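J.: Mind having a look at this structure? Questions to follow.
The values are calculated or read from the model by the stated rules, or taken from the named source; none is laboratory data. Small disclaimer: the values here were computed from a predicted structure and weren't measured. Note: ideal-geometry Cβ built from the backbone for every residue, glycine included; neighbour counts use all protein chains shown.
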Amino acid sequence: MPGGATIVKEKWDDERAKTPVAYAAMIKREAGYDPQHSDWEYVYATLNEKGIVERGRLKSCIDCHAAAEKRDYLFRNWLDAKENPESKAEPTTGKGDAEKRAAK
């Protein structure tokens, strides 16, 4: 992805929820920001009463996205995985992410 590219994902507790519990984003920064991880900055914002926003070189995000290193640290969306059984993508609702962060 080119510098400045931004990807935003809603995080849901489950498929029946009416609202997301958090937003996660990746922003491709200029070369040198984090060369070991393809210069991505991660942002995670909870939508609970605490309203915590974290950003930067977030270890939990880096650790998870390491599995997608060969695709510039990007996962396919879960719909692709659901519609294409041969896809390597894992369907996910993000369940657990919000709980881990809210416990901080």
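J.: Given the conditions (1) surrounded by 15 or more Cβ atoms within 10 Å (Cβ to Cβ); (2) closer than 19 Å to F75 by Cβ; (3) not polar (S, T, N, Q), and given that P2 satisfies all but one, which numbered condition is not satisfied?
T.: (1)
The rows are residues; the columns are (1) surrounded by 16 or more Cβ atoms within 10 Å (Cβ to Cβ); (2) under 19 Å from F75 (Cα atoms); (3) modelled with pLDDT of 95 or more.
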{"residue": "E10", "(1), (2), (3)": "no, yes, no"}
{"residue": "K18", "(1), (2), (3)": "no, no, no"}
{"residue": "A22", "(1), (2), (3)": "yes, yes, yes"}
{"residue": "E30", "(1), (2), (3)": "no, no, yes"}
{"residue": "D39", "(1), (2), (3)": "yes, yes, yes"}
{"residue": "Y44", "(1), (2), (3)": "yes, yes, yes"}
{"residue": "K50", "(1), (2), (3)": "no, no, no"}
{"residue": "V53", "(1), (2), (3)": "no, no, yes"}
{"residue": "K59", "(1), (2), (3)": "no, yes, yes"}
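J.: Something else: Just for the range 40-58: of the residues that are in contact (Cβ under 8 Å) with a residue 24 or more places away in the chain and of a type in the set (F, W, Y), which one is farthest from E69 (Cα to Cα)?
T.: Y44
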